[in-house]
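What follows draws every value from the coordinates through simple rules; no lab data is involved. The structure displayed is predicted, hence computed values, not measured ones. Cβ placement follows ideal geometry from the backbone for every residue including glycine, while neighbour counts extend to all protein chains displayed.
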Amino acid sequence: MSQDIDSPKPLTQSSTKAFENALLKIEHEHYVFRLFVAGMTPNSQRAVNNVQKICETHLQGRYELEIIDVYQQPIYAKQGQIVAAPTLVKELPLPLRRFIGDLSQTEHLLAGLEIIKKPHQPT
């Protein structure tokens, strides 16, 4: 008896359990961020406030946020290959991602961080 490769396979209890476990893992992942700023300019301050608000709202208790002023610690900017500030770097969970700007586009940032699904794009 052969099965058509395009036909859906029935869900088993083990596949349902695997899916539920994957969802739990996503909900409990720990995030590690580095926010690179250039002094406390208005743009830098907005980025700090925006990322703190996002983390507290969506990742409460599941994140580390390090804020690095590239004027005070330029070696970190060089090591991280930071060419613009503010820049948010998501180090964990992989893959590494970078976001430049004041981080005010919350929906796009959350989608880019894979915290929520990407917003629907009009066609």
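Couple of notes before you dig in:
- Net charge of Cβ neighbours under 13 Å - reference N50; Lys, Arg +1; Asp, Glu -1: -1
- Ranked list, fewest to most other Cβ atoms within 10 Å of each Cβ, for E56, E91: E56, E91
- DSSP beta bridges in the stretch 35-123 [antiparallel fraction, %, rounded to 5]: 65
- Amide hydrogen neighbours beyond the local backbone of D69, cut-off 5 Å, H modeled: V37
- Taking 0.36 nm per residue of separation and subtracting the Cα-Cα distance, full extension of the segment from Q72 to T57 would add 2.5 nm.
- Length-normalised contact order for the stretch 31-112 - Cα pairs under 8 Å, 6+ apart - percent: 43
- Per DSSP, loop trypsin sites (Lys or Arg not before Pro) in the stretch 49-123 with at most 13 further Cβ within 10 Å: R62, K117
- On the beta carbon distance between E107 and Q81, with R0 = 25 Å, the FRET formula returns roughly 0.40.
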